[in-house]
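Engineer: Sharing a structure with you now.
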Amino acid sequence: MYGVMQDMPGVSETEYRLVERNLGPDRPPGLLAHVSGPVEDGWRIVNVWESEDAYRRFVSERLMRAAGIAAQADGFDPAK
């Protein structure tokens, strides 16, 4: 198993949802658990993956694309 915690200072729920919306409807292969929510200064995501390789595939094949699409949407601040 491989765990990842991401703190994103200054990121709002709206910005998080803009990226999430573009990830696709199905659960990424290898993702075992996902929780996210607001923290004092932004947004936090905690994921548990089957392996580090599964996580890295998700980042390169889906997350980077979704973030790029979201960065072009109204309400997203790419400076964060």
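A short reminder: the numbers here are calculations on the coordinates, not readings from a lab. Note that the structure is a prediction, hence the values are computed from the model and not measured. So basically every Cβ, Gly included, is an ideal-geometry build from the backbone, and we count neighbours across all protein chains shown.
Engineer: Collect the residues in segment 32-62 that are closer than 15 Å to Gly3 by Cβ and within 12 Å of the chain's Cα centre (by Cα), keeping them in residue-number order.
Structural biologist: Taking segment 32-62 first, the residues closer than 15 Å to Gly3 by Cβ are 32-36, 44-56, 58-59.
Hits for segment 32-62 are His34, Val35, Ser36, Arg44, Ile45, Val46, Asn47, Tyr55, Phe58, Val59.
Engineer: Does at least one position in segment 31-45 carry a residue that is surrounded by 15 or more Cβ atoms within 10 Å (Cβ to Cβ), in a loop (DSSP other than H, G, I, E, B) and in contact (Cβ under 8 Å) with a residue 12 or more places away in the chain?
Structural biologist: No - not one qualifying residue is present in segment 31-45.
Engineer: Quick one: Gly3 ticks every box in (1) under 13 Å from the mean Cα position of the chain (by Cα); (2) assigned to a strand (DSSP E or B); (3) among the small types (Gly, Ala, Ser) except a single one, so which number is it?
Structural biologist: Condition (1) is where Gly3 drops out.
Engineer: Could you go through segment 16-26 and let me know if any residue there is at positive phi and of a type outside the set (Ser, Thr, Tyr).
Structural biologist: Yes; the residues of segment 16-26 include at least one that is at positive phi and of a type outside the set (Ser, Thr, Tyr).
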